[in-house]
Each structure stands twice: as C-alpha cells, then as structure tokens.
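To keep things clear, I will list the structure first and then write my remarks on it.
Each value in this text was obtained by applying a stated rule to the coordinates, not by laboratory testing. Here the structure is a predicted model, which means the values were calculated and not measured. Cβ placement follows ideal geometry from the backbone for every residue including glycine, while neighbour counts extend to all protein chains displayed.
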2 protein chains.
Amino acid sequence: MTTRKILMAHGAGGRLTGELISQTFLPLLKNRYLATLSDAAILPELPPGRPAMSTDAFVVDPPVFPGGDIGHLSVCGTVNDIAMGGATPLWLTWALILEEGTDMDLVERCTSSAAAAAKEAGVAIVAGDTKVVAKGSGDKIFAITAGLGVVPPGRDIGDHKIRPGDLIIASGPLGDHGAVIMAVRHQMESDTLQSDGAPVNGLVDSLYAAGVEIHALHDPTRGGLKSVANEVAGRSGCRQVLTEGSIPIRPEVSAVCELLGLDPLGLACEGRFLAWVDPKDADRAVAALRKKQSGRDAAVIGRVEAGVAGVAPVILETISGASRPLDLLSGTDLPRIC
Amino acid sequence: MTTRKILMAHGAGGRLTGELISQTFLPLLKNRYLATLSDAAILPELPPGRPAMSTDAFVVDPPVFPGGDIGHLSVCGTVNDIAMGGATPLWLTWALILEEGTDMDLVERCTSSAAAAAKEAGVAIVAGDTKVVAKGSGDKIFAITAGLGVVPPGRDIGDHKIRPGDLIIASGPLGDHGAVIMAVRHQMESDTLQSDGAPVNGLVDSLYAAGVEIHALHDPTRGGLKSVANEVAGRSGCRQVLTEGSIPIRPEVSAVCELLGLDPLGLACEGRFLAWVDPKDADRAVAALRKKQSGRDAAVIGRVEAGVAGVAPVILETISGASRPLDLLSGTDLPRIC
C-alpha cells in the first residue's frame, strides 16, 4: 500500500488543491457556508451584541500527542479566546500550512479532530485556506484559526473591571497540556497524563447561567498562570496574590516538572480558564463549575489586592507560608507548546 | 551594529513576546481594539447585513519583492476575498509564524506594510498572534490573515447568480504578481515589473456606486484566470468563453512567461478582480473602473454561455480565431506564489 503524501501541487490552486478540498476538507468539516467555496463565507446576520474576534497560530511539536492533536487544539484555542472576551463563539476560519511530504493521514486526522472540537464547541468552520511549502521550509502541519463571536448586550468584562477584593478561580488543574508535550518530547511515558485541550465556552456559560458577576476571564496558554497573572497585573494596575496550596495541579504534572526542571505555574493549558469574580459570587462560581465533569477540580486560587508602586505585582504565597514574587521569565520557556 | 534577530523566546509567551508586541506590533498597527491586548478584540456592533468571513495563509518566497512584501500581500488577500463576497471589509486578524534567526527588520517592514495596506483598505488589524519555530522548521516569515466584513442588506452575489449572457470584466492587467515572483526567483531584472498587490474594495465600491448589476466577483489569485474560470464554470454550470485578444496582459508579463515557459492566464494577481455583470451594465462598469488609476486598463474579457454536457466548460477564443479548451492543470503550477 502506498502512503499518500502532501505534494507541492496540493497548495498551488490547481486540480490537486481542488481534490484536497472536495475529498478531505468538505466531507469532514461539512457545513453549508463552507460548501459554497466562495472567496468569503457569507453568514446569517449576527445576534445583537458586540462582535469579538481572535486569531491563533499553532505550531505544536509533535502535532499529535496524548489527548489531542494540532487540529483539535487550533479550534479550542480560538473558541476559548473568544469565550474569554465574554462572547459566544459562532464562526471559525481555519488555515493550514503543510510541509511537502507530510502524510495525508495526518492532515485527515487533524481535520477530523478540528471538526469534532468545532462540534463540541457549537461553532462551524466556514472558511479555509491551504498552502504547501517545500520540505525543510515548514514542519509537517501548522494550523491557524480565527474566530468570530458576539458579546451579548449589556455584558462587559475585561481587565478594566478587575478590582481589589476580586477572587481568582481556576476552572481545573493547570499545566496538563504543557506537561504532556514536554513529556512526549523527552520520551517520558505516562498512562494518565493527557492534554487538557478542550473548548471551555460551555463551562463559561454555566458561570453566567449561575448569575456570577464575572469581571475578567483569561485562559492560561503560553507562559501559563505566571504569564497571565503578570499581564493582568500590568493591565489592571492591581496586585495578583496566588495561594500555592490552592492551585490544582495533577501529581503527574508535578512529576514531569520535577524531572525536567519546569515550573508548573509556567505551563500552558488549552482547556482551562481563570475567572476574576466578585467575592460574593466566588462560592457559587466554584459550585457551578464543579457540577460539570470538566470543572470538577475548580478552585479559588488567589485574590486581587490594590497595586502598590515598587512592590512585586504578582505574589505567590507558598505552602510553607512564605511570599515570593512570581516574575515573568525572559527566557525561552517552552517553544512550540501550542 | 548588531543585527536584531528573532529568537525562540519571541514566541514563547514571556518577556520577549511582550516586547515584540509592545515595541513593534502595537506602535505600527495601532488601533484601540488591538491595544487592549485581551484574548479577543471586542468590536463595535456591526452595521446591518450578513457578515462575511475569509482567511488566507501567505508563504510567498521571497517575502519581499518588487511592489510589495508578504505583510502587504496578507492584508490585501483577505480584504479582497471579503470584497469578492460583495461585503465591505471591516476588521482583520493577523498571525505570524516566524523562523528563528529571521531579521527583526524584515518583521518590522512587513508589519509596516500590513498597516499601510489596512489603512488603504479602510480596515483595522484588531487581533494577532506570533509563533516562532526553530531554524529549518519554517522559512523566515509566514503571515496568515482572517477578515470580517458585512454584505449590505439586499445585496446578493455569487456564482448562483451567473447566467448565460453575462459579461466578464477584468479590473486590470492580469498576472503581474505571479510574473514578478517568478522573475525574482530566476534573477531576472525588470525596471517596470511590479506586483499588483493592492486592496480592491475601493474599486468594487465604484462599481456599486455606478449602479452596476454585479452577479459575481472573484479575484484570480493562485492558478490565475484559468483556475477561476474553471471553478466558476463548475459551480455555475455555465460555460465561460474568454477572448484572448481582449485580456489585458502587460508586455513585461508576457516576456517573463515566454522566457520561463509559463501561461499568463495561470498567473496569480493580488490586486485585480473579475466581475460577472449583466450585459446591459458592462460598458458602465468598465467606464466606472477606468475612472480610477488602478482600473484604467479594465476591459470586458469574455462572456457566459449556457453549459452543454460533454463540451469544454472554459473556452479561449484565440487571437488567431481558433477556440481551445482552457483546462485546469493538475501540475505544480507555481508554488509559494502567495
């Protein structure tokens, strides 16, 4: 049996491009907007509210890993970014940059996974593009998504709403995605460690359904909790105080971190989010999240305090009772984790 | 003086990623939606009408060429796709995949060009993402855009509207972009040959302003006129008859094609479009286009006839008076032209 490979002609706009579209993308991603194959997808009028847009490029190495692949990840990443704006994700675009010689099986697998993630999130992939580069000018498959959602009228969240007293909630254990990618790269085996990659918009909806006053939402992707907390501190002008003992981290993730010398607080998630909520609603928020399987380990992991000039903007209160600043590293951290 | 280079850490979500955003992207692309640096850009409510979305991945080699660069091209490509749906382009997302070691100057140049193209088109780049891959896993810079526009209420165009009798108009000379890329790759020099890369939404607006009944719009990018005509024939069920003598092609483009054995009808444009219009409006359409500098060579280049089973769907009536089928090639045509 011959292995089917991606050829340069699959990206050249001719007959093979057409076959890739009609035999792989259309059947797997099927929806009536994509099916017109026009230059732009023309969609039904949006529900009332402000549109939210986001884009994400995915270059994760390896492209297939325990718990997911780059196709699934690419859809989750953009769905989650839209959801972090308080918006309901609706439509996605999906572009691929393929390396010549890549197995067609990999492209099909990633397309199926993207379709499955889109279905789970309740969105449709309505436009796409594929380019092929010569061997050595790419790395198997890069996937780039963009998305459109709508923030319902009256909803306004963001770092400008964060204020001292807010509590910070994690929707689940942190760092699984980053840990699994690093473990795979180092040929470490684990029966239980899997990427957390998943759409989180359903979980966010359950917070709104419970009437929680959400001030801001962020997903801790590249750079993990550490990067998000520092960015939020910078943009909100408020100090972020995290309590180490309350941060849910799986033992398998801690084990990988110890072996590889990584900080779990700097590891990426692709299916978790952090919510800054009004303190009166924090218990209700955690309860609402825990009702769902994907939120069963949700926990309050920190609080917001007034920013003080000259004082570290992000603090970790350690299990031993000490307080230490949680800096943003300038180093390479973890390349190609997503 | 040291040359500033892209490092793996520029894509890792840490301090260098932040510097790239705050020192390069924000100042060059500046707009208030991007400036919030939130996970998703939250935009003002859309004007009435149906949203149009599109995406394009750009891997053009070389990334800088006479008349443009990959940054400029990436914005034009998506603006034009949106405009081809009859929509007014509004918002863009912009993702970069950079190869480690790429000159920061190249990134800055392409960002400036993207900003200039966005300004010319009247759109804003409201969200972005940057990833870095190791040397040899990419090729300097890939740029991926997605866009959102709105089709004004009552406007409905597309291949389903094409009918026998329609005339096909080209907005300008065809193949300049493809020819210039191939010429540069073959170290051919020309003082006058330049990419045609440009936003065409202004030119499309002038057709609507002139009251032209537009049935469909397409930009002949990858695969050129030949690919578009074949795709339109397939989707509309109508035969496309092109008249060779009326197709505007610059002498410099013909010269490159002769030297390199290329078919100008298969060469990509990035700043031209084809319009299928009601025959009663064709003269008015050409006149409206020619009033603008970028449309001064607009011409009727063909007509639509009823499709006949078993007869070639795309025909070229040659200058010598013969008719020959214009097939879609399955070959590699021109990789990495855009």
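For the reader, a short list of remarks on this structure follows.
- Note on residue A:280/residue B:26: beta-carbon distance plugged into 1/(1 + (r/R0)^6) with R0 of 45 Å gives a FRET efficiency of 0.80.
- Signed unit charges on C-beta, dipole axis of region B:159-325, positive-most listed residue B:171, B:232, B:253: B:232
- Cβ-placed point charges (K, R +1; D, E -1), dipole of region A:252-319 about Cα centre in debye, nearest 20: 420
- The ranking of A:58, A:65 from fewest to most other beta carbons within 10 Å of each one's beta carbon is A:65, A:58.
- Region B:159-325: C-alpha gyration tensor shape, a/c 1.5 cut-off, then a/b vs b/c: oblate
- About its Cα centre, the dipole of chain B is roughly 500 debye, where the only charges are +1 on Lys and Arg Cβ and -1 on Asp and Glu Cβ.
- Gain in span if fully extended, residue B:45 to residue B:155, counting 0.36 nm per residue against the direct Cα distance: 37.6 nm
- Distances between copies at residue B:297, taken between label points 7 Å from Cα along the C-beta direction, are 6.2 nm in increasing order.
- Across the identical copies, how the residue A:235 labels are spaced - nm, sorted shortest first, 7 Å along Cα→Cβ: 3.7
- Cβ crowding within 10 Å, taken as a proxy for footprinting-reagent exposure, orders A:320, B:74 from fewest neighbours to most as A:320, B:74.
- Overall form of region B:1-91: oblate. Here a/c, set by the Cα gyration tensor axes a ≥ b ≥ c, is 1.5 or more, and a/b is not larger than b/c.
- Inter-chain shielding of B:59-70 (mean C-beta neighbours from other protein chains, 10 Å cut-off): 1
- DSSP-defined antiparallel bridges as percent of all bridges, chain A, nearest 5: 75
- Neighbouring partner chain Cβ atoms per residue of B:17-24, average, 10 Å criterion: 2
- Shielding score for A:88-101, defined as the mean number of other chain Cβ atoms within 10 Å: 3
- Taking one quarter of the surface of the convex hull spanned by the alpha-carbon atoms of chain A gives a direction-averaged projected area of 18.5 nm².
- Note on residue A:135/residue A:192: beta-carbon distance plugged into 1/(1 + (r/R0)^6) with R0 of 35 Å gives a FRET efficiency of 0.45.
- Neighbour-count order for B:257, A:76, fewest beta carbons within 10 angstrom listed first: B:257, A:76
- Rough spin-label spacing in nm, given labels placed 7 Å along Cα→Cβ, for residue B:120 and residue B:323: 3.9
- Beta bridges per DSSP with both ends in the protein assembly as shown, % antiparallel, nearest 5: 75
- Remark: spin-label model distance residue A:312-residue A:259 equals 2.9 nm, labels positioned 7 Å along the Cα→Cβ axis.
- For the protein assembly as shown, the fraction of C-alpha pairs farther apart than 36 angstrom is 38 percent.
- Inter-part distance where region A:91-110 and region A:138-174 are each reduced to a Cα centre, Å: 26
- About the Cα centre, charge dipole magnitude for region A:159-325 (Lys/Arg +1, Asp/Glu -1 at Cβ), debye: 320
- For chain B, the 222 nm mean residue ellipticity estimated from helices alone, with every DSSP H stretch of n ≥ 4 adding -39500 (n - 2.57) and the total spread over all residues, rounds to -8500 deg cm²/dmol.
- Take each peptide in A:289-297, A:186-194, B:135-143, A:268-276, count the other Cβ atoms within 10 Å of every residue, and average; sorted highest first, the result is A:268-276, B:135-143, A:289-297, A:186-194.
- Dipole-positive endmost among A:62, A:203, B:311 within the protein assembly as shown (Cβ charges, Cα centre): A:203
- Secondary structure note: in region B:8-151, about 70% of the DSSP beta bridges are antiparallel.
- Hits among lysines - C-alpha to C-alpha of residue A:226 under 24 Å, sequence gap 8 or more where chains match: A:161, B:131
- Cα centroid separation - region B:24-55 against region B:254-271, whole Å: 36
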